[in-house]
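Report on one structure; see the data block that follows.
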Amino acid sequence: MKIAEALDKINIFRPNQYSEKDKIGWLSNIDMSLYDAVVKQYEGAEEFNGYDETTDIHTTDLLVKEPYAEDIYMYYLAMQIDFYNAEMGKYNNDALMYNTAYTTWRNEYNRAHSFGSKDVYFKL
């Protein structure tokens, strides 16, 4: 999923008053978090430094790939919109759905990749 696709979809599914810059920042934050928590633990992980005003949103792929991308990014962006609108009931629902999507993606990512030398292995 490209950044522009995520922005277009959230603006359709959850109309909002937040700027493109705000939403790109939110996408950058979530991808930095996903990269730090999961992706960089594995061999071959490319360096990731987030998105900024110089990022081409029409050609840049988000970190999470399909079939997980849409759920993760739509629920995360919806959470941010709900949080800043002080709509806590919606926020809680979106957070539950995001956490489910994240856990599914993380588990599949872990199954599909081998650990790199950065990891600590424990001896019994």
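Every read-out reported here was derived from the displayed coordinates using simple, explicitly stated rules and does not represent laboratory data. Only a predicted model underlies this, so the values are computations on that prediction, with no experimental measurement involved. Cβ placement follows ideal geometry from the backbone for every residue including glycine, while neighbour counts extend to all protein chains displayed.
A few notes on this one:
- In nm, spacing of pseudo-spin labels at Lys65 and Ser19 (7 Å Cα→C-beta vector): 3.4 nm
- From phi via Karplus (6.51, -1.76, 1.60), per-residue ³J(HN,Hα) for the range 16-25 in Hz, x at Gly/Pro: 8, 9, 7, 6, 4, 4, 4, 5, 5, x
- Sparse-neighbour loop sites [GluC sites (Glu not before Pro); the range 41-73; at most 16 other C-beta within 10 Å; DSSP]: Glu43, Glu46, Glu47, Glu53
- The residue among Ile30, Asn49, Met97 whose Cα reaches farthest toward the positive pole of the charge dipole of the range 30-116, with charges on the beta-carbon of Lys, Arg, Asp and Glu, is Met97.
- In the set (1) 150; (2) 121; (3) 101, the label that goes with volume of the Cα convex hull per residue in Å³ computed for this structure is (2).
- Lysine-lysine proximity count for the chain, Cα under 27 Å, sequence distance 8 or more or distinct chains: 20
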